[in-house]
Amino acid sequence: MSAVVSPIREPLVTGGKTYHQITEDLISPTERTPPASWVIGLILSIITFSFGAFCLLWTIWHGIGTWDLNRTIGWGWDITNFVWWIGIGHAGTLISAILLLFRQKWRTGVNRAAEAMTIFAVMCAAIYPGIHMGRMWMAMFIFPYPNTRGPLWPNFNSPLLWDVFAISTYFTVSVLFWYAGLVPDFATIRDRATGLRKNIYNFLSFGWTGSAKHWQRWESLSLILAGIATPLVLSVHTIVSFDFATSVIPGWHTTIFPPYFVAGAIFSGFAMVLTLMLVTRKLLSLEDYITIEHVESMNKVILATGSIVGVAYLTELFISWYSGYVYEQFAFFNRALGPYWWSYFGMMFCNVLSPQFFWSKKLRRNVLFTFFMSIFINIGMWFERFVIIATTLARDYLPSSWSFYSPTWVEIGIFVGTIGLFFVLYLAFTRVAPVVAVAEIKSILKTGGDQYVGPKNAHKMSHAHEDAHAHDAH
Amino acid sequence: MRKAVHRNMDVVYGLYDDEEIMMDAVKQANKDHLDIMDVYSPFPVHGLDPLLGLEESRLHVAGFVFGSMGTLTAFLGMTWIFTKDWPIIFGGKPYWSVPAFIPITFELTVLFAAIGMVVTFYTICGLGPGVTNPYLDDRITDDKFCIAFDKSNVDLSAVESFFAATGASEVNQKTI
């Protein structure tokens with residue numbers, strides 16, 4: 001192919017695959033009877049999700065008095081979990097859109113699953129603002145449609161309404177982008193299937209034929225969607241940070257929030273991608289497609305974004321001291337040494353210290369270590385949101401209204417339930433669609449396959465060149 | 001030259017095992033003045049479009065037009081609502097508080113552009129939920145690269161000798 005590839009660059013597809021072998025490897029998990037581990041995982045996920053659904057109904061039936069929120073602490077686990085899930089989603093768009101614009105070929109191994117993760121994480125996130133409203137049967141009031149209440153419009157100057165637009169746009173664009181990539185792969189499944197299965201995938205593949213003009217338009221579409229999804233993903237977490245930054249609460253009212261939130265989102269999202277992909281690659285035997293090289297690349301992103309987050313934490317601390325503003329200083333003193341000191345410690349430990357291990361190449365390429373690290377980061381980023389939200393609210397301007405907050409079983413149940421929902425959706429996804437983009441892997445085989453590139457082939461490649469020259473001379 | 005749905009067309013097509021052999025064959029077909037109907041492949045083959053005389057896709061124009069519609073809808077809509085339909089003072093700010101409109105204007109620009117472009121893509125390609133387009137061979141979505149000729153457009157013996165000379169692994173005929 002035309003792209004120039006360094007012979008010392010590590011291959012992205014190993015095992016000397018042919019195009020047909022790629023199809024076999026990636027499509028067959030959707031054709032086999034599910035393994036016992038999948039069935040057990042699904043049952044556990046459905047149980048946790050069912051408990052979450054029960055807690056949701058409990059909340060809706062009895063009202064949010066079933067939560068431990070109070071006058072002082074109006075945002076607790078609900079908004080913490082909302083920001084956590086939205087943040088996780090960001091890695092999928094980063095991989096599918098930003099890395100496409102940067103022509104990073106390693107994205108092809110993980111983009112499909114990462115985008116699925118984005119969509120499912122946004123679905124989990126969207127539950128929280130809905131139930132947080134209290135009367136979620138009036139949730140449509142947040143959308144500006146002509147109504148008989150005046151018409152009364154939402155407040156377009158409010159960051160909370162910006163969030164409605166940002167997240168619904170983000171979800172829609174992610175689904176469209178993801179599905180456009182799935183269409184050719186569904187066609188591959190269709191052409192291998194028979195009977196009812198063929199009909200279903202015929203419906204899903206939209207009549208894809210693989211015509212040259214369609215591929216050209218498909219690539220154009222992917223590139224433009226990536227181009228607009230890139231500022232979109234940055235805007236989404238920027239707007240989430242506006243929910244806090246436009247307030248006058250000490251500790252929230254800071255201009256550092258947008259970049260700090262975006263970096264944190266990518267950081268947590270890559271951790272979740274790694275958590276999922278390390279398990280998926282093992283269970284579906286995808287080691288040839290999601291190689292150690294992929295794991296290392298993602299760990300590098302984690303190291304970079306984790307360090308940005310660490311610098312942001314320290315900058316916040318410095319600025320609160322340097323501002324000379326006592327309320328700001330107290331907010332940070334309270335975060336580190338107040339009643340919730342343990343969550344601040346957890347956040348600092350998991351987010352600032354732990355990613356620094358990834359300076360070591362050996363640890364970056366260690367699958368087990370990476371897996372544990374990814375769990376640590378998921379926990380750390382949850383603590384970060386809890387610190388920002390509950391800790392800050394617990395000690396406001398008036399000491400007489402200081403309060404303490406801990407979640408009730410209902411709030412914990414809803415959180416556990418969204419994790420269940422996430423895994424139900426993800427497990428279902430691994431059965432109906434190829435978790436690695438088949439067509440995209442085929443398109444990088446000759447520039448990323450181990451029989452064509454890599455240190456071992458450097459010698460062979462130079463020979464091939466000599467042969468070609470000899471041929472030309474004749 | 002290319003429409004998504006071909007009906008009752010007699011097609012003669014050759015399957016190649018590798019995209020590079022197929023690309024050489026397309027070059028040869030151009031030299032031989034054989035009018036290729038279409039090329040089908042399991043993944044986008046770069047460098048093929050100019051050989052087939054395909055112009056660059058204008059999908060980005062659709063994206064721009066739909067995006068602009070989103071910009072206007074959001075910005076003019078909020079302007080009308082907050083200055084004409086139901087003016088309310090929020091936090092002592094002017095009714096027409098432009099900076100506060102920017103986030104929603106941006107989001108709707110992206111939303112309109114994305115939906116408009118995707119719908120345009122499926123429509124002009126003749127794709128959609130439940131659409132069944134005739135296709136030549138099941139292995140085209142797996143590992144075969146197919147060059148197809150409209151039989152009424154070419155001399156069959158010339159095409160067959162072309163396939164033999166360029167290394168097609170299979171030659172078939174089909175009415176689609």
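Among the conditions (1) buried (at least 24 other Cβ atoms within 10 Å of the Cβ); (2) among the charged types (D, E, K, R); (3) outside any helix (DSSP H, G or I), A:Glu115 misses just one, which is (3).
Inspection of segment A:204-220 finds no residue satisfying the criterion of being more than 7 Å from chain B (Cβ to nearest Cβ) and over 29 Å from the mean Cα position of the chain (by Cα). Taking segment A:91-109 as the range and being in a loop (DSSP other than H, G, I, E, B), basic (Lys, Arg) and within 15 Å of A:Phe270 (Cβ to Cβ) as the test, no residue passes.
Residues that are outside any helix (DSSP H, G or I), of a type in the set (D, E, K, R) and surrounded by fewer than 22 Cβ atoms within 10 Å (Cβ to Cβ): does segment A:285-293 have at least one? Yes, some residue in segment A:285-293 is outside any helix (DSSP H, G or I), of a type in the set (D, E, K, R) and surrounded by fewer than 22 Cβ atoms within 10 Å (Cβ to Cβ). The criterion of being more than 22 Å from B:Glu19 (Cα to Cα) and either surrounded by fewer than 22 Cβ atoms within 10 Å (Cβ to Cβ) or modelled with pLDDT of 90 or more (or both) does not hold for A:Val436. Only one of the numbered conditions (1) closer than 30 Å to A:Leu445 by Cβ; (2) in contact (Cβ under 8 Å) with a residue 24 or more places away in the chain is violated by B:Asp150, and that is (1).
Of all residues in segment A:189-200, one or more are more than 26 Å from the chain's Cα centre (by Cα), more than 7 Å from every other protein chain (Cβ to nearest Cβ) and at positive phi.
Is it the case, given these coordinates, that A:Ala265 is in a helix (DSSP H, G or I) and farther than 18 Å from A:Thr391 by Cβ? Break it down stepwise before answering.
Working: in a helix (DSSP H, G or I): yes; farther than 18 Å from A:Thr391 by Cβ: yes.
When the stated conditions are applied, A:Ala265 passes them.
Within the option set A:Ser247, A:Ser343, being within 19 Å of A:Ala390 (Cβ to Cβ), over 20 Å from the mean Cα position of the chain (by Cα) and in a helix (DSSP H, G or I) holds for one residue only, A:Ser343.
Taking segment A:221-237 as the range and being more than 8 Å from chain B (Cβ to nearest Cβ) and not aliphatic (A, V, I, L, M) as the test, the residues that pass are A:Ser222, A:Gly227, A:Thr230, A:His237. Considering segment B:142-172, the residues that are of a type in the set (D, E, K, R) and more than 20 Å from B:Leu48 (Cα to Cα) include one that is surrounded by the fewest Cβ atoms within 10 Å (Cβ to Cβ), namely B:Asp155. When residues in segment A:60-78 are screened for being surrounded by fewer than 22 Cβ atoms within 10 Å (Cβ to Cβ) and within 30 Å of A:Pro231 (Cβ to Cβ), 1 of them pass. Pairs meeting the criteria (first residue in segment A:9-32 and farther than 11 Å from A:Leu445 by Cβ, second residue loosely packed, with under 15 Cβ neighbours inside 10 Å, beta carbons under 7 Å, at least 6 apart or on different chains) are A:Thr30/A:Arg431; A:Thr30/A:Val432. For A:Tyr397, the conditions (1) farther than 30 Å from A:Ile200 by Cβ; (2) assigned to a helix (DSSP H, G or I) are fulfilled apart from (2). Across segment B:127-139, the qualifying residues are those that are more than 7 Å from chain A (Cβ to nearest Cβ) and surrounded by 17 or more Cβ atoms within 10 Å (Cβ to Cβ), and the one among them that is farthest from A:Ala439 (Cα to Cα) is B:Leu136.
Could you tell me how many of the residues in segment A:356-377 are assigned to a helix (DSSP H, G or I) and small (Gly, Ala, Ser)?
At the first step, the residues of segment A:356-377 found to be assigned to a helix (DSSP H, G or I) are A:356-359, A:361-364, A:367-377.
Keeping just the survivors that are small (Gly, Ala, Ser) gives A:374.
The qualifying residues number 1.
Considering only residues that are within 20 Å of A:Ile79 (Cβ to Cβ) and within 10 Å of chain B (Cβ to nearest Cβ), which ones fall in segment A:125-156? Listed by number, the residues that qualify are A:Pro154, A:Asn155. Of everything in segment B:96-117 that is of a type outside the set (A, V, I, L, M, F, W, C) and within 15 Å of B:Phe64 (Cβ to Cβ), the residue that is surrounded by the fewest Cβ atoms within 10 Å (Cβ to Cβ) is B:Gly116.
Quick check on this structure: which one of A:Gly413, A:Gly380, A:Gly417, A:Gly338 is crowded, with 17+ Cβ neighbours inside 10 Å and modelled with pLDDT under 90? Spell out how you get there, then give the answer.
On the way: A:Gly413 fails: modelled with pLDDT under 90; A:Gly380 fails: modelled with pLDDT under 90; A:Gly417 fails: modelled with pLDDT under 90.
Just a single option satisfies the conditions, and that option is A:Gly338.
None of B:Phe43, B:Phe66 is at pLDDT 90 or above, within 30 Å of A:Tyr19 (Cα to Cα), under 23 Å from the mean Cα position of the chain (by Cα) and of a type outside the set (Asp, Glu) except B:Phe43.
If the condition is being more than 30 Å from A:Met140 (Cα to Cα), in contact with an Asp or Glu (Cβ under 9 Å, 6 or more places away or on another chain) and of a type in the set (Ser, Thr, Tyr), then segment A:150-207 contributes A:Thr188, A:Tyr201, A:Ser205. Report yes if some residue within segment A:407-418 is in a helix (DSSP H, G or I) and either closer than 30 Å to A:Trp215 by Cα or of a type in the set (Phe, Trp, Tyr) (or both); otherwise report no. Scanning segment A:407-418 turns up at least one residue that is in a helix (DSSP H, G or I) and either closer than 30 Å to A:Trp215 by Cα or of a type in the set (Phe, Trp, Tyr) (or both). Suppose the filter is free of Cβ contacts under 8 Å to residues at least 24 places away in the same chain, under 17 Å from A:Tyr313 (Cα atoms) and aromatic (Phe, Trp, Tyr); does A:Phe383 pass it? No.
The values are calculated or read from the model by the stated rules, or taken from the named source; none is laboratory data. As the structure is a prediction and not an experimental result, all values here were calculated from the model. Note that each Cβ is placed from the backbone with ideal geometry, even for glycine, and that neighbours are counted across all protein chains shown.
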